[in-house]
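Below is one structure, written out as structure tokens; comments come after it.
The values are calculated or read from the model by the stated rules, or taken from the named source; none is laboratory data. Owing to the predicted nature of the structure, the values given are computational and were not obtained by experimental measurement. Counting neighbours? That spans all protein chains shown, and the Cβs are built from the backbone with ideal geometry, glycine included. Just so you know, the surface numbers come from the protein's heavy atoms only, side chains and all, with ligands and any DNA or RNA stripped out. Shrake-Rupley method; radii C 1.70, N 1.55, O 1.52, S 1.80 Å.
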Amino acid sequence: MTTDFKDRCAVVTGAGSGNGRAIASAFAAAGARVVCADRNLVAAEETVAAIRQAGGQAVSVEADIASAADCKRTVEQARQHYGAV
């Protein structure tokens, strides 16, 4: 990823593993503050720990994107932690 995402917030779904984890890590490496959303909170927290260990900023949210309420809560958490998405 070559774009500078400094001072931006990225919400990544499925961030607990696989492509989602890789995308979350790439956004963080590019300077984004990342909201790691996943149905598996433990896995999302592992991604957050790896991002923080690498010097990035991230928070985790337990969310199922099939749920409108979970999506809304995820955006609310992003705004609470980082001001905007």
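Taking the stretch 60-85, which residues are under 20 Å from Ala43 (Cα atoms), outside any loop (DSSP other than H, G, I, E, B) and of a type in the set (D, E, K, R)? First the steps, then the outcome.
At the first step, the residues of the stretch 60-85 found to be under 20 Å from Ala43 (Cα atoms) are 60-67, 70-71, 73-75, 77-78, 81.
Add one more test, that the residue is outside any loop (DSSP other than H, G, I, E, B), and what stays is 60-62, 70-71, 73-75, 77-78, 81.
Selection gives Glu62, Asp70, Arg73.
Name the single residue, out of those in the stretch 1-18 being open to solvent by 60 Å² or more (accessible area, probe 1.4 Å) and farther than 19 Å from Tyr82 by Cα, that is modelled with the lowest pLDDT.
Met1
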So which residues in the stretch 24-36 are assigned to a strand (DSSP E or B) and open to solvent by 20 Å² or more (accessible area, probe 1.4 Å)? Arg33
Mind checking which residues of the stretch 29-79 are more than 12 Å from the chain's Cα centre (by Cα), among the charged types (D, E, K, R) and over 13 Å from Cys9 (Cβ atoms)? Arg39, Asp64, Asp70, Lys72, Arg73
Within the stretch 37-59, how many residues turn out to be in contact (Cβ under 8 Å) with a residue 24 or more places away in the chain and assigned to a loop (DSSP other than H, G, I, E, B)? 4
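How many residues does the stretch 13-35 contain that are hydroxyl-bearing (Ser, Thr, Tyr) and closer than 19 Å to Cys71 by Cβ?
1
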Name the single residue that is nearest to Asp4 (Cα to Cα) among those in the stretch 55-66 being in contact with an Asp or Glu (Cβ under 9 Å, 6 or more places away or on another chain) and crowded, with 21+ Cβ neighbours inside 10 Å. Ser60
The condition of being open to solvent by less than 80 Å² (accessible area, probe 1.4 Å) and modelled with pLDDT of 95 or more holds, among Arg21, Arg39, Arg52, only for Arg21
Subset of the stretch 67-76, residues surrounded by 13 or more Cβ atoms within 10 Å (Cβ to Cβ) and acidic (Asp, Glu), comes to Asp70
